[in-house]
Amino acid sequence: MKNILIFSSNGLLSTNLRLRFKNNHNIKYIGSKNYDFKFNYFDGDLDSIIENSNFEVILNCIGYTNIDLCEKNRELAYKLNYDFPKSLVKALNKYKKKSKLIHISTDHFYNNSNFSTENETNVINYYSETKFQAEKILMDYNTLILRTNFIGKSLHQTKHTLTDWIF
């Protein structure tokens, strides 16, 4: 059984992870709803959480993923997609934590069907720009970066996904 800390307690991925692994690991969630540790991503005390933790794995699921809204609200996109991961790595390094860091990024860099190398990523909007810049910072901590996309029905009453819209 691993001790796991997940940033973003209420998103599509973290909600599904909560259901899938609740009996297999000691998982703690950080967020503003459905949390073990309440945390405000904009002005929370990240240092105290990291300094006092002994998690083997830290999973960062935080992200501002609405592409259109990222263009309209660049400051929020920057804070969540770039600034928070940067602050997380800074705190992990400051307290010399050896936690394995897993960061959920995006597959939005790949719009070429003939993609073959890392040098062919294509930053096409502000969303992908903030995610790509965060990856550069995270690589210094030896982070596992998952460039992926999630689909599925939301388990929330008020948060709806593309899949919910299709249904």
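The values are calculated or read from the model by the stated rules, or taken from the named source; none is laboratory data. In this text, all values refer to a predicted model and were calculated from it rather than measured experimentally. Note that each Cβ is placed from the backbone with ideal geometry, even for glycine, and that neighbours are counted across all protein chains shown. Remember, those area values only see protein heavy atoms, side chains included, never the ligands or the DNA or RNA. Shrake-Rupley method; radii C 1.70, N 1.55, O 1.52, S 1.80 Å.
Observations on the model:
- Looking only at the range 48-86, residues that are in a helix (DSSP H, G or I), within 19 Å of residue 37 (Cα to Cα), out of contact with any Phe, Trp or Tyr (no Cβ under 7 Å at 6 or more places or on another chain) and at pLDDT below 95 come to 1 in all.
- Qualifying residues in the range 22-57 (those that are surrounded by fewer than 16 Cβ atoms within 10 Å (Cβ to Cβ) and small (Gly, Ala, Ser)) - the one farthest from residue 129 (Cα to Cα): 48
- Any hit, the range 109-116, residues being at pLDDT 95 or above, closer than 26 Å to residue 15 by Cβ and either out of contact with any His (no Cβ under 8 Å at 6 or more places or on another chain) or open to solvent by 20 Å² or more (accessible area, probe 1.4 Å) (or both): no
- Residue check: residue 15 meets all listed conditions (1) under 18 Å from residue 146 (Cα atoms); (2) open to solvent by 70 Å² or more (accessible area, probe 1.4 Å); (3) of a type in the set (S, T, N, Q); (4) part of a helix (DSSP H, G or I) but one, namely (2).
- Residue check, residue 60 on the phi < 0 side of the Ramachandran plot and surrounded by fewer than 18 Cβ atoms within 10 Å (Cβ to Cβ): no
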